[in-house]
Amino acid sequence: MPPPNDSAIIAVIEDDPIMGESITQRLVLEGYRCNWWRAGRDALAGLRETGAPAAIICDIRLPDMNGEELFRQVPPAIAATPIVFMTAFGDIEQAVRLVRAGADDYLTKPFAIDALLQKLSSLIPKQAAGTGLGGVLGASEAMQRLEGVLRRISDIDSSVLLTGESGAGKEVAARFLHDISKRVDAPFIAVNCAAIPADLMDSELFGHEKGSFTSANTQHLGFAERAGNGTLFLDEVAELAVGLQAKLLRLVQERRFLRVGGERQLAFAARLVCATNADLHGRVEQGSFRKDLYYRLNVIELRLPPLRERAGDILPLLRKFLSEFAEQFSRLVKGITPRAEHAVLVHGWPGNVRELRNRAERAVALAESAWLDAEDLFPETPLQRREPKFVVTLADARADAERRQIVSALAYAGGQLGIAAKRLRISRTTLWEKMRRLGISAHVAESERSV
């Protein structure tokens, strides 16, 4: 059974070495990646470090704690992760209690591995299927941690403030929060506060009554009213004029507002999510942003890291964009060459995910071959003049060298894992695990043969 996600990471918590190895080996062969811990405390520490996996498989009896103790101590950022407990017949009562407490399912030992695979297939979020990302928002630890927090706060009404550089994905995160919430069937209204002139913003945000000013020929419903019971997303909220900040404060505090020229108070039922790439705290100290509004908006403040801080997301996102645009433009683009991959990884990405998407769109639109090279993605800079913008760590350098050798071996073997493994003098299973860890797929080897 194929995994629902090319990069899905499964956390296995099992102290029995034979059972643990059997499960992890089969999961790897099925295309998953695995983190295996043999004790509860080690698993909790590891989960805090690695972030949310796609799912957790946990034995109910561990050498240092039982399943219920571990379940209660799962880090908040991991709380939304699907978890399946493995139990002996005598512990079924405890397993049932765990399911009632919020665990997703349990399996009674001994069980067929296909039963476990079937459960994983049904539990891992369908939104992640086919994206090539470890989670819906990204494969990196930072984005999986963010996704875990968003899932945890999805069905509460507290205001959320998303911060981060332009193009880092703040609106994507806001839409994700809306889509997994109880408000999903209601409108998601996105407003760019910097794009609407200040003299029109009052009317656009709160609406106006007919005749309230010279050109008000009809009644106009504002964004706050059109959002209904959904989500009102105010992007670049730092750019609001001071007068509008006072009205927004009233909206947040009283959950009511007036249309321009109106006399009847209207209820505001939507959830408010705001975003900014500005230093809002600094604006407060300068006096250009109201302190009381700042504290009302950042009840839950979440930072989206720039793309350069989450290199693990670059290639999965690029492949996702290339696939989308290839289908949209009816182009036969299969992927990128190893040279292009290197150029992508050493680029600084000052424009973040938005720049990555734009470069992918341009490259696919102008593609002359199935495999995009570095010049297709970076036409402004000749390949021979491109230099790394930073010094990589020794671990990254080793991973890069290992990756190149594996790609070369796969190209030599025509993509046949058995032949490539023999050439590299490692087992087929080890090769498969390294390919998954390093993000190497069969099409990369095919591109190497075409270069």
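Observations, loosely collected:
- Subtracting the Cα-Cα distance of residue 166 and residue 301 from 0.36 nm times their residue separation leaves 47.0 nm of extension gain.
- Computed helical MRE - 222 nm, the chain, DSSP H runs ≥ 4 contributing -39500 (n - 2.57), nearest 500: -13500 deg cm²/dmol
- Amide N of region 10-25 lying under 19 Å from the label point, which is placed 7 angstrom from the Cα of residue 49 along Cα→Cβ: 10-15
- The stretch between residue 26 and residue 332, if pulled fully straight at 0.36 nm per residue, gains 106.8 nm over its current Cα-Cα span.
- 0 to 90° range, to nearest 10: angle between helix 170-179 axis and the chain longest Cα axis: 90
- Relative to the longest principal axis of the Cα atoms of the chain, helix 17-29 runs at roughly 70 degrees.
- Total formal charge among the other residues, if their Cβ is under 15 angstrom from that of residue 252, Lys/Arg +1 and Asp/Glu -1: +4
- Among 24, 381, 218, a tally of other beta-carbon atoms within 10 Å of each Cβ gives an order, fewest to most, of 218, 381, 24.
- If you take all other residues with their beta carbon under 15 Å from the beta carbon of residue 193, and give Lys and Arg +1 and Asp and Glu -1, the sum is -3.
- Of all DSSP beta bridges confined to the chain, the antiparallel ones make up roughly 10%.
- Electrostatic tally near residue 323: other residues with Cβ closer than 11 Å to its Cβ, Lys and Arg +1, Asp and Glu -1, net +2.
- The residues 223, 85, when put in order of fewest to most other Cβ atoms within 10 Å, stand as 223, 85.
- Computed from the C-beta positions of residue 375 and residue 311, the FRET efficiency with R₀ = 25 Å rounds to 0.70.
- Among 106, 295, the ranking by other beta carbons within 10 Å of each residue's beta carbon, starting with the fewest, stands as 295, 106.
- 19 Å reach of a label modelled at residue 41, 7 Å along Cα-to-Cβ, counting backbone N of region 60-76: 60-75
- If R0 is taken as 56 Å, the Cβ-Cβ distance between residue 358 and residue 96 corresponds to a FRET efficiency of 0.60.
- Projecting label points 7 angstrom from Cα along Cα→Cβ for residue 16 and residue 256 puts them 6.4 nm apart.
- Shape of the chain, Cα gyration tensor, a/c cut at 1.5: oblate
We did not get these values from a lab; they are worked out from the coordinates using the rules stated. Model, not experiment: these values are computed from the prediction. All Cβ positions, even for glycine, are placed from backbone atoms using ideal geometry, and neighbour counts span all protein chains on display.
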